[in-house]
2 protein chains.
Amino acid sequence: MKSTTPLTFSAKATLPVGFRAAGIIAGLKKNRQRDMALFFSDSPATLAGTFTTNQVKAATVRLDTERVANIGMAHGIIVNSGQANACTGKAGMRDAKAMAEHTATQFGIAPELVLVCSTGRIGVPLQMDRIRPGIEKLAGALSPTGGEDAARAIMTTDLVPKRYTTRFIANGRPCRLTGIAKGSGMIQPNMATMLAFLLTDAAIDRRALQKALKAAVDQSFNRITVDADQSTNDTALLLANGRAGNTPLKPGHRDWPAFVAALDGLTFRLAMDMVRDGEGAQKLVTVRVQGARTAADAEAAARSVANSFLVKTSWVGSTPNWGRVMDALGYSPAKVDETKVEIFYDKLLAVQKGLKAGASMARLSKVVAKKQFTLTIDLHLGRQAATVYSCDCTEDYIRINK
Amino acid sequence: MKSTTPLTFSAKATLPVGFRAAGIIAGLKKNRQRDMALFFSDSPATLAGTFTTNQVKAATVRLDTERVANIGMAHGIIVNSGQANACTGKAGMRDAKAMAEHTATQFGIAPELVLVCSTGRIGVPLQMDRIRPGIEKLAGALSPTGGEDAARAIMTTDLVPKRYTTRFIANGRPCRLTGIAKGSGMIQPNMATMLAFLLTDAAIDRRALQKALKAAVDQSFNRITVDADQSTNDTALLLANGRAGNTPLKPGHRDWPAFVAALDGLTFRLAMDMVRDGEGAQKLVTVRVQGARTAADAEAAARSVANSFLVKTSWVGSTPNWGRVMDALGYSPAKVDETKVEIFYDKLLAVQKGLKAGASMARLSKVVAKKQFTLTIDLHLGRQAATVYSCDCTEDYIRINK
């Protein structure tokens, strides 16, 4: 056993060695906020990516999916917010490729080594006349300290930037992992309107990198829900440029667990920030279902509760409306026997055998009034469990989206 | 061919011959509004019923389901609003039976001939000390003109009573069919927090009655959605007391189609009123999916769009946000090829081959601004179609439920 210092995650976008970034105003949004970002590795980096499972996919998702699968290396990622470049047909794909090409031209690299991400409104064409000068501006603005600007430039309805940096050791060499992400509507299973860019200077085997990313995403971004709407643009990209000089990490390498812990911890923190900053959200609610007959049942029951708008609206106030939780369990595809259900609000038992239990409404209300609480539901039908992270649904959610 | 006068549906609860009703204040709600209703047939009536498919079922649903299956006859229906009598365990079942018994006692009939419905808050016990005197009061208040009071007494968050009366002919005898129903949250597939009481003085074969009710419900109450939440209490009951003196209607009887048309038309109108009066709703939107590969795909695609909160919030304003419609189609379980999708707002083509089509935003906005419009989506993958009726989701929905 090796003793390691515990991982720390700072809410900063301190880029790993060999990475630079920038975030600028290209004029794609009406409000004169930063709307384009560039992430760049000075040397080609090993690449992994996961994408939305929506059948309607943005041009950028189709382009990047192909590049992750066939090339597996990247130099940079060019990002715009304001327009999603989804439902834009052949012109959209042409624009996505042009973004990569124009970026590549600035650095004299192959266009295939540039990935492209867009977020914003679906069905409108990209404003390429603003994006081209934006790319040139970004190339000039690239800086090792540009992570914060980039984190702001990818925001849409996000209220706060989301970024963390952590450190780990590989072959005795210090490595850094930085994650920069955005939410915050169209958030649900299998990636949301979320973009996440994960950058590390560790050297990592390509297949292992993809496997680690998939596993991390499954336990973080794929476990959150804001509104049960799954976006056309969800993308998580992970670049490892190897500048730390370690021997490439993969399962079996003694430092592989350190990287996995860093990646898992980072993506989980980014995911929780997305829920907390969900459109209109005021609280983060962990919905844990245990005692389910099957893993699929646990997942279905947790999602049914976490996505019920009657449940989510009840969390706005401080009313422990467990009847709505029972209702949502009952209509989920999961096997439920109402006479066995137990529901806890944090540690307080609210429902036992499907009936009101000991905890007083006053005590339960105090839990629901908190900024963060956990609903634990035991179906008492088996041994499987699943956790989904959700938020309340306030009038602001409607105001933002109407 | 027999010429018949076209069916007319008046928005009144004019009870059929031999039926009486009442609606009174028993004190179950805080606001001193009517909260108990009784429907009574002076002679035993043939009975049909359909119920929620939620696994968590109110005591009343379990009781009535058993009575519909095993007895198939009824004299009366006792209803309370304010408490749902769901998640109330054995005490709840005892209370439900006691409601039937106490009602039966007033008329000297068998308790098994009384059905019981509750609607309101889940998980709280019925206030039997108020319900018992309520039942006595109702028995005294029963009247052939009591339908309107009863329609008001079953309301919860409904803003308007929902009732229609229509007429048809069987064996040359005039028959009447009256429907009284309530919405208006927890409204989604397979019955909603909805109660519907359908009363006719026609004589109808019991099996045919059940079959006709099931078919009518499938095309009306099961095709609407307000918030995708399915309730624990949904119940539709149909009583036919035969007082019109016709020979019992069933398929093959020349007047069977007249009854079916009356029943289908009536339940459809009640269902549309439920959507229009959905919690916070300001408009009724028909979502029709055609060109689906399978019937299940058509249904899944229509429900995905009709239940998307991003789509529903976009209808609040007058923004034809078809990108969100494309997104919801894409994450539905239905097979979708975005390059084939066509979307119409009423008759205006907004999307063709997955891309923005000819109609200007200004013209599309005029459609979305209407109190009622139809979204027609052609997947161009097959020949199956499905229609779901939905509404917009306004800030009022949150205000009502938080």
Unique match (being in a strand (DSSP E or B) and of a type in the set (A, V, I, L, M, F, W, C)) among B:ALA236, B:ALA301: B:ALA236
Residues of region A:336-379 classified as more than 16 Å from B:VAL124 (Cα to Cα), touching an Asp or Glu at 6+ places or on another chain (Cβ under 9 Å) and either of a type in the set (Lys, Arg) or in contact (Cβ under 8 Å) with a residue 60 or more places away in the chain (or both), total: 9
Identity of the residue in region A:51-72, free of Cβ contacts under 8 Å to residues at least 60 places away in the same chain and not in a helix (DSSP H, G or I), that ends up farthest from B:GLY354 (Cα to Cα): A:ILE71
Matching residues in region A:219-236 - criterion: being modelled with pLDDT of 90 or more and either surrounded by fewer than 24 Cβ atoms within 10 Å (Cβ to Cβ) or in contact with a Lys or Arg (Cβ under 7 Å, 6 or more places away or on another chain) (or both): A:GLN219
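Looking at region A:131-156, which of the residues that are β-branched (Val, Ile, Thr) and within 20 Å of A:LYS12 (Cα to Cα) is surrounded by the most Cβ atoms within 10 Å (Cβ to Cβ)? Write out each step before concluding.
Of region A:131-156, the ones β-branched (Val, Ile, Thr) are A:131, A:135, A:145, A:154, A:156.
Checking which are within 20 Å of A:LYS12 (Cα to Cα) leaves us with A:145, A:154, A:156.
Values: A:THR145: 12, A:ILE154: 28, A:THR156: 21.
Top of the filtered list is A:ILE154.
Please find, among A:GLY358, A:GLY354, the residue that is away from chain B (no Cβ under 11 Å) and either more than 30 Å from the chain's Cα centre (by Cα) or surrounded by fewer than 15 Cβ atoms within 10 Å (Cβ to Cβ) (or both). Spell out how you get there, then give the answer.
On the way: A:GLY354 fails: away from chain B (no Cβ under 11 Å).
Only one candidate qualifies: A:GLY358.
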Which numbered condition A:GLN384 fails, given (1) surrounded by fewer than 21 Cβ atoms within 10 Å (Cβ to Cβ); (2) more than 9 Å from chain B (Cβ to nearest Cβ); (3) modelled with pLDDT under 95: (3)
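Using the structure shown, decide if B:THR267 is surrounded by 24 or more Cβ atoms within 10 Å (Cβ to Cβ) and among the hydroxyl-bearing types (Ser, Thr, Tyr). So that I can check it myself, show each step before the final result.
Numbers: surrounded by 24 or more Cβ atoms within 10 Å (Cβ to Cβ): yes; among the hydroxyl-bearing types (Ser, Thr, Tyr): yes.
Yes; evaluated as a whole, the condition is true for this residue.
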Number of the exception - A:ALA328 against (1) buried (at least 19 other Cβ atoms within 10 Å of the Cβ); (2) in contact with a Lys or Arg (Cβ under 9 Å, 6 or more places away or on another chain); (3) within 19 Å of A:GLY317 (Cβ to Cβ): (2)
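Identify, please: which residue in region B:306-321 is assigned to a loop (DSSP other than H, G, I, E, B) and of a type in the set (Val, Ile, Thr) and is, among those, farthest from the other protein chains (Cβ to nearest Cβ)? So that I can check it myself, show each step before the final result.
Filtering region B:306-321 for residues assigned to a loop (DSSP other than H, G, I, E, B) gives B:308, B:315-321.
Then keep just the ones that are of a type in the set (Val, Ile, Thr); that gives B:316, B:319.
Numbers: B:VAL316: 4, B:THR319: 8 Å.
Looking at the filtered set, the residue picked out is B:THR319.
Please find, among A:ASP201, A:ASP205, the residue that is at pLDDT 95 or above and surrounded by fewer than 24 Cβ atoms within 10 Å (Cβ to Cβ). Show your work before the answer.
Numbers: A:ASP201 fails: surrounded by fewer than 24 Cβ atoms within 10 Å (Cβ to Cβ).
A:ASP205 is the lone residue from the list that is at pLDDT 95 or above and surrounded by fewer than 24 Cβ atoms within 10 Å (Cβ to Cβ).
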Matching residues in region A:83-94 - criterion: being crowded, with 23+ Cβ neighbours inside 10 Å and either in a helix (DSSP H, G or I) or touching a residue at least 40 places away in the same chain (Cβ under 8 Å) (or both): A:GLN83, A:ALA84, A:ASN85, A:ALA86, A:CYS87, A:GLY92
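Which of the residues belonging to region B:361-381 are within 13 Å of chain A (Cβ to nearest Cβ) and either charged (D, E, K, R) or part of a strand (DSSP E or B) (or both)? Reasoning before the result, please.
Quick first cut of region B:361-381, residues within 13 Å of chain A (Cβ to nearest Cβ) only: B:361, B:364, B:368-369, B:377, B:379, B:381.
The one that is within 13 Å of chain A (Cβ to nearest Cβ) and either charged (D, E, K, R) or part of a strand (DSSP E or B) (or both): B:ILE377.
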Residue in region A:242-275 that is farthest from the other protein chains (Cβ to nearest Cβ), counting only those that are farther than 30 Å from A:PHE373 by Cα and touching a Leu at 6+ places or on another chain (Cβ under 8 Å): A:ASP255
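The values are calculated or read from the model by the stated rules, or taken from the named source; none is laboratory data. What you see is a predicted model; the values in this text were computed from it and never measured. Glycine gets a Cβ as well: all are built from the backbone with ideal geometry, and neighbour counts include every protein chain shown.
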